[in-house]
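Visitor: A single structure is presented below for examination.
The values are calculated or read from the model by the stated rules, or taken from the named source; none is laboratory data. These numbers were taken from a predicted model, which means no experiment stands behind them. A quick note on method: Cβ atoms are made from the backbone with ideal geometry, for glycine too, and the neighbour counts reach across all protein chains shown. Surface accessibility is based on the protein's heavy atoms, side chains included, excluding ligands, DNA and RNA. Shrake-Rupley method; radii C 1.70, N 1.55, O 1.52, S 1.80 Å.
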Amino acid sequence: MTELLLSPLRRLGHTTINAIWRLGFITRFLLAILRYSGQSLLRFNLTIREIYFAGVMSVIIVVVSGLFVGMVLGLQGYNTLSRFGSADALGALVALSLLRELGPVLAALLFSSRAGSAMTAEIGLMKATEQLDAMSVMAVNPIARVVAPRFWAGVISMPILAAMFNVMGIFGGYLIGVVMIGLDSGTFWSQMQNNVDLHYDVVNGLIKSLCFGIAVTLIAVFEGYDATPTAAGVSAATTRTVVTSALVILAVDFVLTAFMF
């Protein structure tokens, strides 16, 4: 009977200790990345290469998704606003929804699924095939050579991808509201211009996307570096990257929204 009572407590204690240990490890890992970033930035061609694979290769899915999200916002927004005789405010609705919330959050979720999982799999495979150990033997720091360029590539790419998502989303709303439904084009843009504030909406949205980029990329490179060097271990690390990134994005979004808006 006593054993049955203690067993859940042991599991809870083990889970709590493991979570605290991983939190401390990822903090030290971030400090190591920042410490060795100077070496990687001196060879900026490494970061440019990773920006291509993490950012440029994610453009298509971000742009197409942004277009369809904007079109859905246009349809749903017009259907709702027209009930209250406020259909002319569709431009402001689409822009504010994208700039404040949907643009940064959905772009970050797409980035974590496309680029974050790829980073984890690549670093995890390098660990499984002992490439990271080989670098250490040759006096090449794997954090400076492999991890830091990918980290900064993600941090740089994320705000740009979020901005592209916003632009395509607004264009999608324009296609639905003006081209398809027939709202006045001048009213659509003037409502957007009058209601969107540069600092309050645009800049805060970019700050959100920058925070998401730091969180997602840190999780991705950490999970890859910490992966068990087996096929199953790399697969599990990739899954953890996507799931953890999604939860962290939503949690950070709530905290930032509470402070910003």
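Visitor: Can you tell which of 99, 46, 109 shows the greatest fluctuation in a Gaussian network model of the chain with Cα springs below 10 Å?
Guide: 46
Visitor: With the chain treated as a Gaussian network of Cα nodes joined by springs under 10 Å, which of 157, 113, 190 yields the largest mean-square fluctuation?
Guide: Looking only at 157, 113, 190, the largest GNM fluctuation is found for 190.
Visitor: So, one more: Roughly how many Å² is the accessible area per residue of the stretch 24-260, as a whole number, for a 1.4 Å probe?
Guide: Values: 11180 Å² over 237 residues.
Averaged over the residues of the stretch 24-260, the accessible area is 47 Å².
Visitor: On to the next question. Less than 10 Å Cβ to Cβ from residue 54, Lys/Arg counted +1 and Asp/Glu -1: what total charge do the surrounding residues give? Don't jump to the answer; show the numbers that get you there.
Guide: On the way: positive: 49, 114, 150; negative: 50.
Taking every Cβ under 10 Å from that of residue 54, the sum is +2.
Visitor: Between residue 210 and residue 23, what FRET efficiency follows from the Cβ-Cβ distance if R0 is 25 Å, with the result rounded to 0.05? It would help to have the intermediate numbers written out before the result.
Guide: Numbers: r = 22 Å, r/R0 = 0.87.
Using R0 = 25 Å, I get an efficiency of 0.70.
Visitor: Can you list which of the GluC sites (Glu not before Pro) found in the stretch 99-173 are DSSP loop residues with at most 15 other C-beta atoms within 10 Å? The partial results should precede the final answer.
Guide: Numbers: sites: 101, 122, 130; in loops: 130.
Here the sparse-neighbourhood loop sites are 130.
Visitor: Output the 0 to 90 degree angle, nearest 10, between the alpha-carbon long axis of helix 185-195 and the longest principal axis computed from the alpha carbons of the chain.
Guide: Value to nearest ten degrees: 60.
Visitor: Nearest 500 deg cm²/dmol is fine: what mean residue ellipticity at 222 nm does the chain get from its DSSP H runs of n ≥ 4 alone, each adding -39,500 (n - 2.57), divided by its residue count? Show your work: numbers first, answer last.
Guide: Numbers: 11 runs with 201 residues, N = 261.
Using -39500 (n - 2.57) per qualifying helix, the result is -26000 deg cm²/dmol.
Visitor: Which of rounded, prolate, oblate describes the stretch 1-122, given a ≥ b ≥ c as roots of the alpha-carbon gyration tensor eigenvalues and a/c under 1.5 marking rounded, otherwise prolate only if a/b is larger than b/c? Could the numbers behind the result be given before it?
Guide: Numbers: a/c = 3.16, a/b = 1.38, b/c = 2.29.
Note, shape of the stretch 1-122 comes out oblate.
Visitor: For a quick check, take a GNM of the chain with Cα springs below 10 Å and name the residue from 51, 61, 17 with the largest mean-square fluctuation.
Guide: Comparing 51, 61, 17 in the GNM, the peak value goes to 17.
Visitor: Please give the solvent-accessible surface of residue 230 in Å², to the nearest 10, using a probe radius of 1.4 Å with every protein chain present.
Guide: 70 Å²
Visitor: For the stretch 24-260, what is the charge dipole size about the Cα centre, in debye to the nearest 20, if Lys and Arg each add +1 at the Cβ and Asp and Glu each add -1 at the Cβ? Walk me through the intermediate numbers first.
Guide: Values: 12 positive and 12 negative charges, 91 e Å.
So the magnitude is around 440 debye.
Visitor: Give me the percent of the accessible area of the chain that comes from carbon and sulfur atoms, probe 1.4 Å, all protein chains in place.
Guide: Within the chain, the accessible surface is 70 percent carbon and sulfur.
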